[in-house]
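These notes are about the structure you will find just below.
The values are calculated or read from the model by the stated rules, or taken from the named source; none is laboratory data. Note that the structure is predicted; figures quoted are calculated from it, not measured. Don't worry about glycine lacking a Cβ; one is built from the backbone with ideal geometry, like all the others, and counts go over all protein chains shown. Just so you know, the surface numbers come from the protein's heavy atoms only, side chains and all, with ligands and any DNA or RNA stripped out. Shrake-Rupley method; radii C 1.70, N 1.55, O 1.52, S 1.80 Å.
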Amino acid sequence: MSRLMRLLCALASLLGIAGCDVMNMQEIKPGVTTGYEVRDRMGAPNTEWQNADGTVTWEYSRQPEGVECFMITIGSDNVVKAMEQVITPANMARIQPGWTKEQVRRLLGKQRSVETFRLKNEEVWDWRIPTEQDLATYFNVHFDMNGVVVRTSKSTRAGP
């Protein structure tokens, strides 16, 4: 990336603009980009997930204000194996009653917020998701007090 582009991205990040994320993500190529290059472009991940096959998945969540979470899998050779935006309708549909908090967290990345509803004996995690209207839209996962999914829902709120 050119020096001018890096300067513009640094300035944009100071202003809270996520446009450089798009450019950085487009430059990450599975099978080519190294873990070092990912860290140079994206910074340290929010979370590192160790996988059974010896790879590691780095989580780059854009919550609470963003609507994306990127999972980048790095092989034992330090080369990117896969990159995926995980906050998708397909992934949200996978979550079923009986899932644990860790399973949900591993699938969708860090949640935007956590609220406890004592009268309902429920804890609700939410993720901000894309919308086509002027309403902020959220995907909610409802857990019982044992940390097990009981249901999912969507909600909207006026303006971001």
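Figures for the structure shown
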item	result
Those strands (runs of 3 or more DSSP E) lying entirely in region 43-140 with at least 1 residues closer than 19 Å to GLU27 by Cβ and open to solvent by 40 Å² or more (accessible area, probe 1.4 Å)	80-85
Among (1) more than 30 Å from LYS29 (Cβ to Cβ); (2) of a type in the set (A, V, I, L, M, F, W, C); (3) surrounded by 15 or more Cβ atoms within 10 Å (Cβ to Cβ), the one test that ALA158 misses	(3)
Search result, residues across region 125-160 that are small (Gly, Ala, Ser) and under 12 Å from GLN96 (Cα atoms)	SER153
Candidates GLU115, GLU123 - the one that is touching a helix residue (DSSP H, G or I) at 6+ places or on another chain (Cβ under 9 Å) and either touching a residue at least 60 places away in the same chain (Cβ under 8 Å) or over 23 Å from TYR60 (Cβ atoms) (or both)	GLU123
Any hit, region 50-62, residues being hydroxyl-bearing (Ser, Thr, Tyr), closer than 16 Å to HIS142 by Cα and touching a Pro at 6+ places or on another chain (Cβ under 9 Å)	no
Tally of residues being under 25 Å from ARG112 (Cβ atoms), part of a helix (DSSP H, G or I) and in contact (Cβ under 8 Å) with a residue 40 or more places away in the chain across region 28-40	1
